[in-house]
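To start, the structure itself, in structure tokens.
The values are calculated or read from the model by the stated rules, or taken from the named source; none is laboratory data. All figures in this text were calculated on a predicted structure; none of them were measured in a lab. Neighbour counts are summed over all protein chains in view; Cβ atoms, including those assigned to glycine, are modelled from backbone coordinates with ideal geometry. Calculation scope for accessible area: heavy atoms of the full protein, side chains included, ligands and nucleic acids excluded. Shrake-Rupley method; radii C 1.70, N 1.55, O 1.52, S 1.80 Å.
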Amino acid sequence: EGTVSCLDGNCVEVEREQSTNMPEALAQLAGLSQAHDSTPNGQSLDLMGGNDLRCHKTGIWKNCCTNGGEGLAIDLLGGSCNEQEQELAHRTAEGLCVEVGWYCAKRGWFGCRKRVRTSCCFGSELARIINEQGREQLGMGWGSPQSPQCGGLSPEQFSQLDLSNVDFSEILNDVTQSFAPDGQGDVTSRIQNRLSDFYSSGQSTNMTGGGG
């Protein structure tokens, strides 16, 4: 703080400039940390993998897929949607899922009687963003709605990603708010602690785990 910086008694006048790329740098650093922490003992070949979750619609009577992003199911027949469909509804509303597509699971005399929507859902928005945009960089798809490929990236694939070309704009405000340069402790510790707190709802991002 201030315009004078001192080190070991030697002081110089400096002009401080607000960093404009700190949120992007923090997001990239958090992405590296999540990739590291998603592999137990560094042995797994699946970094930040997702889950295959599905919901279904039956005509106009039953819709167990997300309704308006609010995670509500419409069932005029009085039945219930299963636990996986409820989980998908909530995780979609939280921005954790990528829609793979629809397929017909049951046909009748007048066409498809039961349609199913498949999504790949991840443990955090950061994991979803890196998987979604990382696959685009690598020319990878999500498979078919019947046989989705929701697994994460291999270490080799992850090493080929250019994180500077990943758009983290969806989470930059949250990352910025999670890092408040106030309080006690050195800057590195505060970054580690606040990023860990921010991503505690998803996968752990203990910044000390990467060794770098």
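Among the criteria (1) within 19 Å of Glu132 (Cβ to Cβ); (2) of a type outside the set (Phe, Trp, Tyr); (3) modelled with pLDDT under 70, the one Gly79 does not fulfil is (1). For Asn10, the conditions (1) surrounded by fewer than 10 Cβ atoms within 10 Å (Cβ to Cβ); (2) modelled with pLDDT of 75 or more all hold with the exception of (2).
Within the stretch 165-175, the set of residues being assigned to a helix (DSSP H, G or I) and at pLDDT below 90 comprises Ser169, Glu170, Ile171, Leu172, Asn173, Asp174, Val175. For the stretch 177-185, the criterion of being at pLDDT 70 or above, open to solvent by less than 70 Å² (accessible area, probe 1.4 Å) and either more than 25 Å from Asp46 (Cβ to Cβ) or not aliphatic (A, V, I, L, M) (or both) is met by none of the residues. Within the stretch 108-116, identify whether any single residue is farther than 22 Å from Trp61 by Cβ and β-branched (Val, Ile, Thr), and answer yes or no. No: zero hits. Within the stretch 149-164, being in contact with an Asp or Glu (Cβ under 7 Å, 6 or more places away or on another chain) and either part of a helix (DSSP H, G or I) or open to solvent by less than 20 Å² (accessible area, probe 1.4 Å) (or both) holds for Cys150, Gly152.
Just to be sure, is Ile191 out of contact with any Asp or Glu (no Cβ under 9 Å at 6 or more places or on another chain), among the aliphatic types (A, V, I, L, M), at pLDDT below 85 and crowded, with 19+ Cβ neighbours inside 10 Å? Yes: the conditions hold for Ile191. Within the stretch 94-130, the set of residues being open to solvent by 30 Å² or more (accessible area, probe 1.4 Å), at pLDDT below 90 and in a helix (DSSP H, G or I) is empty.
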